[in-house]
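First comes the structure, then the notes that go with it.
The values are calculated or read from the model by the stated rules, or taken from the named source; none is laboratory data. Every value quoted in this text rests on a predicted model; they were computed, and no experiment measured them. Using ideal geometry, Cβ is built from the backbone for each residue, glycine included, and neighbour counts are taken over all protein chains shown. Accessible surface areas use protein heavy atoms only, side chains included; no ligands, DNA or RNA. Shrake-Rupley method; radii C 1.70, N 1.55, O 1.52, S 1.80 Å.
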Amino acid sequence: MSGELKPWTVLERRTLLDAGPFLKVHAETVETPAGRRVENFYQVEQMDFVQMFVEDEGGRVLMLRTYKHGPRRVSQTFPAGALNPGEEPLGAAKRELLEETGYAAEDWAALGSYVVQGNQRGCVCHMFHARNARKVAEADSGDLEEMRLELLTHAELIAAAAEGDYALLPVIAMLGAVLLPELRNNLARSAARPAP
């Protein structure tokens, strides 16, 4: 195969379900670079969110044990939450960290923004790594889910995988992104580059 790969062209878009701001479903008519036309290529639009790998001043990682209805079970997650309309990802990360844990941090590194579903989009996860977090308030998330803050070492994070303590794919991605230092540093470098 030769030549540069090119994106598809969206020829038409119809909204089939609008339960905004939480969920929208669209049917698109797309055309591939080879000229193939595809009707009803479904797109799911959900709220973009932030997820944070946060270490306190002692290097322990802030984790939340909580029930998530998607996997239908209690598991370990990182602090995370949806962006409000017009909110910048870093601002959302700082807000969600304070709300869910009562912690604040000044040392933040963006690790990039990634689409969750390859062909349907779903939403975008904005990943951050924060260091030297300290408790400044009581947690007050206002979320439906009850959550318990747990402070874990890196070794305990890895051991929790053997116990089946993770139920969400973005959590696994974040673990790999930060616990592999070379990957973490390259993601931070990539996120710091200007958008094309």
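Picking from residues in region 10-23 that are modelled with pLDDT of 95 or more and surrounded by 12 or more Cβ atoms within 10 Å (Cβ to Cβ), the one that is nearest to Pro85 (Cα to Cα) is Thr15.
Arg189 satisfies every condition listed in (1) touching a residue at least 60 places away in the same chain (Cβ under 8 Å); (2) farther than 17 Å from Ala82 by Cα; (3) basic (Lys, Arg) except (1).
Look through region 44-60, keep the residues that are in contact with a Cys (Cβ under 7 Å, 6 or more places away or on another chain) and hydrophobic (A, V, I, L, M, F, W, C), and return whichever of them is least open to solvent (accessible area, probe 1.4 Å). Only one residue tops the list, namely Phe49.
Residues checked against (1) outside any helix (DSSP H, G or I); (2) in contact with a Gly (Cβ under 9 Å, 6 or more places away or on another chain); (3) open to solvent by 40 Å² or more (accessible area, probe 1.4 Å):
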site: Ile158; (1), (2), (3): no, no, yes
site: Met174; (1), (2), (3): no, no, no
site: Ala177; (1), (2), (3): no, yes, no
site: Leu183; (1), (2), (3): no, yes, yes
site: Leu187; (1), (2), (3): no, yes, no
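For the criterion of being touching a Phe, Trp or Tyr at 6+ places or on another chain (Cβ under 6 Å) and modelled with pLDDT of 95 or more, Ala93 passes.
For region 62-83, a residue qualifies if it is part of a loop (DSSP other than H, G, I, E, B), at pLDDT 95 or above and open to solvent by 50 Å² or more (accessible area, probe 1.4 Å), but none of them does. Listed by first and then second residue, the pairs with beta-carbon distance under 8 Å, at least 6 apart or on different chains, first residue in region 32-43 and over 15 Å from Glu12 (Cβ atoms) and surrounded by 12 or more Cβ atoms within 10 Å (Cβ to Cβ), second at pLDDT below 95 and among the basic types (Lys, Arg), are Pro33/Lys6.
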